[in-house]
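Student: Okay, here's the structure, questions in a sec.
What follows is calculated from the coordinates using simple rules that are stated; it is not laboratory data. Owing to the predicted nature of the structure, the values given are computational and were not obtained by experimental measurement. Neighbour counts are summed over all protein chains in view; Cβ atoms, including those assigned to glycine, are modelled from backbone coordinates with ideal geometry.
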Amino acid sequence: MSLAKITSVTGRGVCVPGADIDTDRIIPARFMKCVTFDGLGEFAFYDERKKADGSDKPHPLNDPRFKGASILLSGSNFGCGSSREHAPQSLYRFGFRAVIAESFAEIFFGNSITLGMPCVTLPRAELQALAAVIEKDPKAEIVVEVQNRKVICAGKSYVAGLPHSAHEALITGKWDAIADLLEGLPEVARVAASLPYAI
Amino acid sequence: MAKSLFEKVWDTHAVRTLPNGQTQLFVGTHLIHEVTSPQAFGMLRDLGLKVLYPKRTFATVDHIVPTNERAEPFSDPLADAMIKELRKNCRDFDITFFDLNSGKQGIVHIVGPEQGITQPGMTIACGDSHTSTHGAFGAIAFGIGTSQVRDVLATQTMALSKMKVCRINVDGKLGRGVYAKDVILHIIRELGVNGGLGFAYEYGGEVFDRFTMEERMTVCNMSIEGGARCGYVNPDDTTFAYLKGRLYCPKGAEWNRAVERWRATASDPGCKYDKVVNIRGEDISPTVTWGINPGQAIFIHENLPEPDSLPEKDRSTAREAFTHMKLKPGQPIKGTKVDVVFIGSCTNGRLSDLQEVARLVKGHHVKAGVKAIVVPGSQGVSKLAEEMGLADTFREAGFEWRGAGCSMCLAMNPDKLIGDQLCASSSNRNFKGRQGSPTGRTILMSPAMVAAAAVTGVVSDAREVFKN
Ligand code: SF4
């Protein structure tokens, strides 16, 4: 299985501010009644974006100035809560290709990398500076340089955080682990046989 | 060299180091349910792969099952499609499925231990974040995403970075009316909702030594709410006594060998931890949440915090919480009016939880105007509760007694809050919209405290409401 090497993501940004934005907010549970991930995009942040009657609430993702943004900015502990892959799937299908936040919840982070959607961290002050830039100029281009662990916007370069394993996986095109895991099957059989339990 | 349980279990299950530095880890036992598995089977089919070790995967249906009428087809066509899809996948790939008519169906984290599938020294994965529950048995158990469910089905392994271990000691004694739920809510309040990031929590100390398995499960269940991917308690005689005789546990001479092996997986005295936290049981009071994440919690006799008195990083979430919860800084939480009470979930839907609530509410009645439901965590729990007369006690006291499932813990079935109803809930998440209404409000607490809210109609101190 050969996948694209993800060395950088370029696009416009939109900021959904707040800390501890949980997966129930990213995709409310009632939209998980599905047997495929198709169509999840329109439900990203649904309850934050829509009133009970389906009309729009004021929300950055409804703001026409940020339409077409493909890089999401947010606060700390982004994606906490459940392990539902529906959350990064809905963001990806909404059109996001990278997320920049102060920190990420672990399962959400792993799920996103497996989709090939880089999640990088910036310190709070720099995130705020970046958010201020795109608030002033929504057309500003952001480059998430995965390879060099940098975020570049409006002529400024910020040093971003990305753990080694995710960095490696993205830049070598091995962000979906399945090919590597299948390669290890002979050794898997050895471990299976050595375990004292089978159930 | 002295090793922790985590290291021992990790080492026996590590297959190899992957090119990106992560470990290919063997998953000894895999649990699946209807919400996070269908897409995984879809990907498996797309790749032309098979389930490698079908006997290592067990399935149940829990999130979408209605708890009042169980006849199929379900009235919700999407829910109906999901159960049918799971049934078909299990049939196609030869996976054991605890279906609705099996007598064994229930919330995946209640069914695993109940059937003896969950055992010490295992690695367990499930496409559900509360898989940490199984750590109560001394297993390394974690929630995974759907692509990883696919990975485990296809290869019985997954790519994972090794965690650090944080030992949490709770010593001393718990006061009257202080439960396992209060212990974990307190731990999360102290360490924060992301205090466990990158860690496995090892719980121990005198309070855990005395805890029953069900109490240990309640604590391990909510490890993820503290940011820890897994949490565990070292296996001991309490663990073995619970497992003895359960369906999938070893029998006869095999049993004795298993116990010996399990005992040896416990952390060695003197092993090194990356972090140690000490808490006194006496310092914990009945705890309730007031906000929109499980770390926003206070003791029942405390007043709600002033956002400005909190650390700067917590202030914006606190303000958001006050707006959503329609509560005011500085006011007491006691006396807050409730509309709905929910007893159930993989945190507190086990027999001992129902026994305790039944004991307390006997002779009391649910306050007029409050909707009260009790949802057993599994058909096994349901059967025992009925045989023991607990169900009758609940009905007499004005509770609705339902069938097994996740129910109002996340409201993927018809049990939902309406509008901005406020629910006193024994579940594990108080996120905005979690219980089915975007403006619904949730206050997490122990089942005994939920019982007290049920009979008084307001958030109350169970120790004052029930004198026994
Ligand atoms: S009871 Fe709640 S937390 Fe537990 S598995 Fe079901 S939905 Fe998830």
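Student: Counting pairwise Cα distances across chain B, what percent come out greater than 42 angstrom?
Tutor: Taking all Cα-Cα pairs of chain B, the fraction more than 42 Å apart is 12 percent.
Student: Between A:His164, A:Leu122, A:Ser70, whose Cα lies farthest towards the positive end of the dipole of the range A:8-194 when Lys and Arg beta carbons carry +1 and Asp and Glu beta carbons carry -1, centred on the Cα centre?
Tutor: A:Ser70
Student: Right, here's the next one. For the range A:50-199, give the magnitude of the charge dipole about the Cα centre (Cβ charges: +1 Lys/Arg, -1 Asp/Glu; no others), in debye to the nearest 20.
Tutor: Roughly 460 debye, rounded to the nearest 20.
Student: Residues of the range A:99-130 with the amide nitrogen closer than 13 Å to a label point 7 Å from the Cα of A:Asn148, along Cα-to-Cβ, please.
Tutor: Once the point is set 7 Å along Cα→Cβ of A:Asn148, nothing inside the range A:99-130 turns out to lie under 13 Å by backbone N.
Student: For chain A, compute the number of Lys pairs whose alpha carbons are separated by less than 23 Å, excluding pairs fewer than 8 positions apart on the same chain.
Tutor: Going through chain A pair by pair, I get 16.
Student: Given R₀ = 35 Å, what would the calculated FRET efficiency be for A:Asp137 paired with B:Ser316, taking r from the Cβ atoms and rounding to 0.05?
Tutor: Efficiency, from the Cβ-Cβ distance: 0.90.
Student: Rounded if a/c is under 1.5, else prolate if a/b is larger than b/c, else oblate: which is the range B:97-193, with a ≥ b ≥ c the root eigenvalues of its Cα gyration tensor?
Tutor: Taking the square roots of the gyration eigenvalues as a ≥ b ≥ c, the range B:97-193 is oblate.
Student: If amide hydrogens are placed 1.01 Å from N in the peptide plane, which non-local residues have theirs closer than 5 Å to the one on A:Ser82?
Tutor: Distant-sequence amide H within range of A:Ser82: A:Thr23, A:Asp24.
Student: Running Debye on the range B:1-122 with equal point scatterers at the Cα sites and no solvent, what base-10 log of I(q)/I(0) appears at q = 0.13 Å⁻¹?
Tutor: The Debye formula, applied to the Cα set alone, gives -0.64.
Student: How high is the relative contact order of the range A:8-194, in percent, counting Cα pairs under 8 Å that sit 6 or more residues apart?
Tutor: It comes to 23 percent, rounded to a whole number.
Student: Now a separate question. When only C-alpha pairs under 8 Å and at least 6 residues apart count, what is the relative contact order of the range B:304-422, in percent?
Tutor: 26
Student: Hey, another quick one. Whole-Hz ³J(HN,Hα) for each residue in the range B:445-454, computed from phi via Karplus 6.51 cos²θ - 1.76 cosθ + 1.60 with θ = phi - 60°, x for glycine and proline: what do you get?
Tutor: 6, 6, x, 5, 6, 5, 4, 5, 5, 4
Student: While we're here: Once every DSSP H run of n ≥ 4 in chain B is given -39500 (n - 2.57) and the sum is divided by its residues, what mean residue ellipticity at 222 nm do you get, rounded to the nearest 500 deg cm²/dmol?
Tutor: The per-residue figure over chain B is -9500 deg cm²/dmol.
Student: Same structure, new question: What does the helix-only formula give at 222 nm for chain A: each DSSP H stretch with n ≥ 4 adding -39500 (n - 2.57), the total divided by the residues, and the result rounded to the nearest 500 deg cm²/dmol?
Tutor: After summing the helix terms and dividing by the residues of chain A, the value is -8500 deg cm²/dmol.
Student: Here's something else I'd like to know. Can you tell me, using C-alpha contacts under 8 Å and at least 6 residues apart, the relative contact order of the range B:370-410 as a whole percent?
Tutor: The value is 57 percent.
Student: Let me ask something else. If you stretched the chain out fully between B:Glu260 and B:Asn68, how much longer would it get, using 0.36 nm times the residue separation minus the C-alpha to C-alpha distance?
Tutor: 64.7 nm
Student: So for the pair B:Arg210, A:Gln128, with labels modelled 7 Å out along Cα→Cβ, what separation do we get in nm?
Tutor: 4.7
Student: Step by step: find N for the range A:8-194, compute 2.2 N^0.38 Å, then divide the Cα radius of gyration by it. What's the final number?
Tutor: The range A:8-194 yields a ratio of 1.09.
Student: Considering every Cα-Cα pair within the range B:287-465, what fraction, in whole percent, is farther apart than 24 Å?
Tutor: More than 24 Å apart: 33 percent of the Cα pairs in the range B:287-465.
Student: Among the listed pairs B:Lys173/B:Lys272; B:Lys8/B:Lys164; B:Lys371/B:Lys416; B:Lys104/B:Lys251; B:Lys337/B:Lys367, give every one whose C-alpha distance is greater than 22 Å.
Tutor: Going by Cα-Cα distance, B:Lys173/B:Lys272 fall outside the 22 Å limit.
Student: Compute the Cα gyration tensor for the protein assembly as shown, then decide on rounded, prolate or oblate, letting a ≥ b ≥ c be the square roots of its eigenvalues: rounded whenever a/c is under 1.5, prolate when a/b is larger than b/c in the other cases, and oblate in all that remain.
Tutor: The shape class here is rounded.
Student: Let me ask another. Please list the non-local residues whose amide H lies under 5 Å from the amide H of B:Val277, H modeled 1.01 Å from N, same-chain partners needing a gap of 5 or more.
Tutor: Residues meeting the amide H criterion: B:Arg167, B:Ile168, B:Asn169.
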